[in-house]
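*Asks:* Structure provided below as structure tokens; questions to follow.
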Amino acid sequence: MIMSAQDSNKNSRRNFIGTTVKAALVTAVTGSQLHALASTKKITPTFAPAVAPVLVGKSFTQLPLPYAYTALEPFIDALTMEIHYSKHAATYAKNLQDAAAAENINTNSNLEDLLQKISGYSAKMRNNAGGHYNHELFWQCMKAAPAGTPTGALATAINNSFGSLDAFKTQFADAAKNRFGSGWAWLVVTVDKKLAIGSTANQDNPLMDVSAFKGFPLLGIDVWEHAYYLKYQNKRADYITAWFNLVNWDFVAARYEKAIQ
Ligand SMILES: [Fe+2]
């Protein structure tokens, strides 16, 4: 379903309200109580369907998750998803709004345009514009297992660029495992329409003019510890292996076809 920007904003506001109410409930409980509440779905908000790939990342507003917190289990647990979306990612979106207000940026403009000239703005803008964009893309890059396989032009491009899907996974996983500290690993389309794998630190991304690794991001994996530590602790490699079961290849293929037009 393709939503208009107006519909998207309305949905985002509704979700924000739901998330805020839920966040208040979460604040009132701790430990095992929180886990029990999350597992019973009593505090799960209404989720919206996935948005069109071309819309992802253009908005300054947090979009609804396209699935329930429980949808990615057993590979990513519901509590990790809830905290990740409603706390970490929601904070990036709020701080982005605050930074935009402070730096006189119109929040109805295209976020991807801002990222491409991020060197002209504050560190707060860089961290939160990147954090918001990266997470909005990340949610859409995943779906309930099984992942399936790439199709169409993307499948051909992966085979031509990396040799096979398995070879791609190995190279992508290496980029994710070897990113020191917090950051992201990416599959991108470069300016000459080639596929490339790389990584960025912190909340930087390949759209940013400050990034050494550049391209249009098709697929990204969050390797900050908040993305996996509850279930996988220090075993980042196990999280990465499990994560391949969740890749939404239809979404990635749609972004690829848009990028090479
Ligand atoms: Fe994250």
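*Asks:* Tell me which aspartates and glutamates have Cα within less than 19 Å of residue 231's Cα, excluding those fewer than 8 residues away on the same chain?
*Replies:* 73, 77, 82, 222
*Asks:* Still on this model: With 25 Å as the limit, write out which pairs from 58/258; 117/194; 58/169; 87/117; 87/258; 143/235 have Cα-Cα distances beyond it, or answer none.
*Replies:* Check vs 25 Å cut-off fails for 58/169; 87/117; 87/258.
*Asks:* What is the extension gain from residue 156 to residue 260, computed as 0.36 nm multiplied by their sequence separation minus the C-alpha to C-alpha distance, in nm to one decimal?
*Replies:* 36.1 nm
*Asks:* Can you work out the accessible area per residue across the range 114-200, with the rest of the protein chains kept in place, probe 1.4 Å, in square angstrom?
*Replies:* On a per-residue basis, 41 Å².
*Asks:* List every residue whose amide H lies under 5 Å from the amide H of residue 218, counting only residues 5 or more places away in sequence or on a different chain, with H placed 1.01 Å from N in the peptide plane.
*Replies:* Residues meeting the amide H criterion: 187, 188, 189.
*Asks:* On to the next question. How many nm is it between the label spots at residue 58 and residue 164, if each spot is 7 Å from the Cα in line with the beta carbon?
*Replies:* Using points 7 Å along Cα→Cβ, the separation is 3.9 nm.
*Asks:* With +1 on each Lys and Arg Cβ and -1 on each Asp and Glu Cβ, how big is the dipole of the range 61-187 about its Cα centre, in debye rounded to the nearest 20?
*Replies:* The calculated dipole for the range 61-187 is roughly 200 debye.
*Asks:* Check each of the GluC sites (Glu not before Pro) in the range 49-130 and keep only those in coil by DSSP with at most 15 other C-beta atoms within 10 angstrom; list them in order.
*Replies:* Counting only loop positions with at most 15 other Cβ atoms within 10 Å, the GluC sites (Glu not before Pro) in the range 49-130 are 103.
The values are calculated or read from the model by the stated rules, or taken from the named source; none is laboratory data. On a predicted model such as this, the values are computed, not experimentally measured, just so you know. Neighbour counts run over all protein chains shown; Cβ positions are idealised from the backbone, glycine included. What goes into the accessible areas is simple: the full protein's heavy atoms, side chains included, and nothing from ligands, DNA or RNA. Shrake-Rupley method; radii C 1.70, N 1.55, O 1.52, S 1.80 Å.
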